[in-house]
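What follows is a set of notes on a single structure, which appears directly below.
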Amino acid sequence: MSNVTNNPAIQRMNELLDEHSFVELGALVTSRSTDFDLKQQQTPSDGVVIGHGLIDGNLVFLFSQDASVLNGTIGEMHAKKIMSVYDMAMKMGAPVIGLLDCAGVRLQESVDALESIGAIYAKAVAASGVIPQIMGVFGSCGGGLSVLTSVSDFTLMTKNAKLFVNSADAIEGNRADQLDTASAEFQYAEAGNVDFIGDETQVMEEIRRFVTILPGCNVEEGCVEECMDDLNRASEGLTDKVKNLTLFAEEISDNHLFVETKAGFAREMMTGFIKLNGITVGVVGNREETTADDETVTLGTKLTADGCEKAADFVSFCDAFDIPVLSLTNTTGYEASVCAEKHLAKALGKMVYAFANATVPKISFLCGQAMGSAYVTMNAKSLGADLVYAFADANVAPMDAELAAKIMYADASADVIAAKAEEFATTNCGVVNAARRGYVDRIVESADARKYLIAGFEMLFTKRVDGPYKKHGTK
């Protein structure tokens, strides 16, 4: 057995898991290679500790790299141990958690090591959509191993860890002291590769929160537990929380629980998990503003390429694990810039595909602005939403009434344009007009939002969809 007292890999596992629940497997495995003086070095557990344990009573399988053994590098036996974790997790239908601290591929083992990391990729891909995969980066995670964090579902980092394909100093024209592209802050806020950053204790707590709000596998039909909150609890001040949807999500959720994903990246698009009557629900919404250091930060109401890709990935995850989806719409259009034009259409297509392709229960809530085709892309009725709710003051319109009048009556006088704008607003805009046409199912009061969302998802609990045969889509 590995020495617990001075083994950081086991210490991390014990910190993460329920007390006394960790069971180590494969403790006596060591490297088989003897090239380049490896036979003269001790390689206990070949630099990775594996096993199973419990998080809040939920079974998980995990591996933790030991940087004190050959810098945690990946060789043949190291990789085989990680692959065995995936095999067991797939059989049992339980999440895989990786605690990463690795200097890369073990050079002494040459092509064997390269092929071994490829075999890990293959296991992770096979497990994708079958069991949740959560990676925590506690030291270095560079080069080929960084791919594993992206193939996985969620990645968390300690603030002093490093995550990179190419190190900052290896990028032409850059230095780490100028822009540390491997830093946790860059990967969290700029690259969008990380869901959460904090100190080691905070990261462990957040991993536990992810495990307890997610199903163990894709055949559990979502994640359902007993609700200890009042199902008829009034939602307090929701209309005042439309701009900051983090507060909105917390207010409607059981016991105000909200687990946000990729909170630092594309903040104008909020994604995360709430509970409604004990059922885990994925929430996607257009966040107009947020708070940082006790100050309000304005994010706007435009859809961005980064935000759409973030939403698309999240909805696809929810669909894979039978997690219902709630979309919160407050958007007036699209980001307008040269950079946006390079990426936005493809990102919008990816998000539209994710919403339309998802067969889980889907409810759309029009809580603020719902303008033009941007509103449609956010899970409108035509895109496949099973139910559409709206606040009475939600603004549903093809475009701003005055602008529409100017387009339709370009050569008319100002008085005519003003009159036509008023007519357009009366006949073509507003939530009531959308409801009359069948695109909004119910206009709800702020205080009743939680109650109706619970009722809606309960009604949709047995939803089944059989689509046309195809191997898979292309987005």
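Every number in this text was worked out from the coordinates using simple rules, so none of it is lab data. None of these values were measured; they are calculated from a predicted model. Counting neighbours? That spans all protein chains shown, and the Cβs are built from the backbone with ideal geometry, glycine included.
Computed with the Debye formula from one identical point scatterer per Cα of the stretch 318-358, without solvent, the log10 of I(q)/I(0) at q = 0.13, 0.18, 0.23 Å⁻¹ comes to -0.39, -0.67, -0.89. Relative intensity of the stretch 123-166 on a log10 scale, I(q)/I(0) at q = 0.22 Å⁻¹, equals -0.71, per a Debye sum over C-alpha point scatterers of equal strength in the absence of solvent. About its Cα centre, the chain has a charge dipole of approximately 1500 debye under the convention of +1 per Lys or Arg Cβ and -1 per Asp or Glu Cβ, with nothing else charged. Once backbone amide H atoms are built at 1.01 Å from N, V48 has D66 as its partners under 5 Å, excluding neighbours fewer than 5 places away on the same chain. The lysines whose alpha-carbon is closer than 25 Å to the alpha-carbon of K471, local same-chain residues fewer than 8 away aside, are K91, K123, K310, K346, K350, K362, K463.
Report, in degrees rounded to the nearest 10, the 0 to 90 angle that the Cα long axis of helix 414-428 makes with the longest principal axis of the chain. Result, in degrees: 60.
Taking all C-alpha pairs of the stretch 119-270, those more than 22 Å from each other amount to 52 percent. Looking at the stretch 271-368, the pairs of alpha carbons with a distance over 19 Å make up 45% of the total.
Evaluated on the stretch 421-475, the Kirkwood hydrodynamic radius is 15.0 Å, with distances taken between all distinct Cα atoms.
Peptides 419-427, 147-155 ordered by packing proxy, namely the average of other Cβ atoms within 10 Å per residue, highest first: 147-155, 419-427. To the nearest 10 degrees, how steep is helix 338-357 against the longest Cα principal axis of the chain, on a 0 to 90 scale? Tilt of helix 338-357: around 90 degrees.
Taking only the C-alpha atoms, wrap a convex hull around the chain and report its volume per residue in Å³ as a whole number.
176
The three principal axes of the Cα atoms in the stretch 80-130 give end-to-end lengths of 35, 19, 16 Å, sorted in falling order.
The convex hull of the Cα atoms of the stretch 195-309, projected and averaged over all directions, covers 8.4 nm².
Working note: Debye formula, equal point scatterers on the alpha-carbon atoms of the stretch 147-188, no solvent; log10 I(q)/I(0) at q = 0.33 Å⁻¹ is -1.17.
Relative to the Cα centre, the charge distribution of the stretch 59-144, modelled as +1 at Lys and Arg Cβ and -1 at Asp and Glu Cβ, gives a dipole magnitude of about 220 debye.
Taking 0.36 nm per residue of separation and subtracting the Cα-Cα distance, full extension of the segment from V130 to V111 would add 3.9 nm.
Going by Cα centres, the stretch 378-417 and the stretch 199-247 are how many Å apart? So the two Cα centres are separated by 34 Å. Radius of gyration (Cα atoms) of the stretch 296-347, expressed as a multiple of 2.2 N^0.38 Å: 1.31. Calculated translational diffusion coefficient of the stretch 365-438 (25 °C, 0.890 mPa s; Stokes-Einstein with Kirkwood radius over alpha-carbon pairs) equals 189 µm²/s.
Ordering T298, H256, S150 by the projection of their Cα atoms onto the charge dipole of the chain, which places +1 on the Cβ of Lys and Arg and -1 on the Cβ of Asp and Glu, puts S150 at the extreme positive end.
If I take all pairs of Cα atoms in the stretch 322-399, what percentage of them are more than 16 Å from each other? When every Cα pair of the stretch 322-399 is considered, 50 percent fall beyond 16 Å. Dipole magnitude for the stretch 377-469: about 440 debye, using +1 per Lys or Arg Cβ and -1 per Asp or Glu Cβ, origin at the Cα centre.
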